[in-house]
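The values are calculated or read from the model by the stated rules, or taken from the named source; none is laboratory data. Everything numeric here is computed off the predicted structure, so don't read it as measured data. Don't worry about glycine lacking a Cβ; one is built from the backbone with ideal geometry, like all the others, and counts go over all protein chains shown. Note: areas computed on protein heavy atoms with side chains; ligands, DNA, RNA excluded. Shrake-Rupley method; radii C 1.70, N 1.55, O 1.52, S 1.80 Å.
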Amino acid sequence: NYLSFKFDFDSIEEIYEKISATDETGKKLVKNYKDNFEDIYKETSKIKLKGQCLNVYRLWGIVSLILGYTNESDLKKAARVIEDNAFNFLGKKGPLVDYKLKKIDSKVYLDPLRTIRSAMSYRLADVDPKILSFGVIESFAGFISNRLDEAKKEMQLEAVTANGSLLEIKLLIDKLN
């Protein structure tokens, strides 16, 4: 109950608008992205998300769409592109993609806009899709590992366990181990 991975957006256009509204850097990022990837920006702006249960895996689907890695509007299938790209990466390290927390009332949420912004920045820097996809998953593994370590310390536990369907992703579980 302490940490939530659920979030809500009506469309990818709304995501672009919210990133632009965060600060001057966000505004510049979206403008540069639109200027450099006009076709991707136009196509993804049309995608509606209303009514979908949005979580971390679907966040990867949104990232995959925004980065132009797929045209698949089914977010689970779009996320699979990130997963497949990462699996096919033969290197050892990817870029550090931001997974940050924000607190609303007494609940802590993953800030999906920070993750999307970070990925967009790397795309603008022309980072290879396999490397960036690897970074998306590797960075999440690091984020989760840090949260588990913090929980263990704060609650004075000897061990913590994690479960969930994301742990079926071999790369993620390998990085968590």
>> Just to be sure I understand the filter: pairs with C-beta atoms under 7 Å, separated by 6 or more residues or on different chains, first member in the range 77-100 and under 20 Å from residue 117 (Cβ atoms), second member modelled with pLDDT under 95 and of a type in the set (Phe, Trp, Tyr). Which pairs pass?
In response: 79/57; 99/140; 99/143
>> I need the full set of residues from the range 108-126 which are open to solvent by 50 Å² or more (accessible area, probe 1.4 Å), aliphatic (A, V, I, L, M) and either touching a Phe, Trp or Tyr at 6+ places or on another chain (Cβ under 9 Å) or assigned to a strand (DSSP E or B) (or both), in order please.
In response: 124
> Does residue 127 fit the bill of being on the phi < 0 side of the Ramachandran plot, touching a residue at least 60 places away in the same chain (Cβ under 8 Å) and among the β-branched types (Val, Ile, Thr)?
Replying inline: no
>> Take residues that are at pLDDT below 95 and tell me which of the helices (runs of 4 or more DSSP H) falling wholly in the range 2-77 contain 2 or more.
In response: 56-66
> Mind checking which residues of the range 142-163 are within 17 Å of residue 108 (Cβ to Cβ), of a type in the set (Gly, Ala, Ser) and in a loop (DSSP other than H, G, I, E, B)?
Replying inline: 162
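Given 82, 131, 104, which one is exposed (fewer than 15 other Cβ atoms within 10 Å of the Cβ) and not small (Gly, Ala, Ser)?
One residue alone meets the criteria, 104.
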>> What pairs come out if I take residues in the range 148-177 that are open to solvent by less than 100 Å² (accessible area, probe 1.4 Å) and pair them with residues that are of a type in the set (Lys, Arg) whose C-beta lies under 7 Å away, six or more apart or interchain?
In response: 160/152
> So which of 27, 46, 42 is in contact with a helix residue (DSSP H, G or I) (Cβ under 8 Å, 6 or more places away or on another chain), exposed (fewer than 15 other Cβ atoms within 10 Å of the Cβ) and without any contact (Cβ under 8 Å) to a residue 24 or more places away in the chain?
Replying inline: 27
> From the list 92, 103, which residue is out of contact with any helix residue (DSSP H, G or I) (no Cβ under 8 Å at 6 or more places or on another chain), within 22 Å of residue 174 (Cα to Cα), charged (D, E, K, R) and outside any helix (DSSP H, G or I)?
Replying inline: 92
> Restricting the search to the range 49-73, which residues are among the charged types (D, E, K, R) and open to solvent by 60 Å² or more (accessible area, probe 1.4 Å)?
Replying inline: 50, 72
>> I want to confirm something. Restricting to the range 12-24 and keeping residues that are farther than 23 Å from residue 75 by Cα and not aliphatic (A, V, I, L, M), which single residue is surrounded by the fewest Cβ atoms within 10 Å (Cβ to Cβ)?
In response: 24
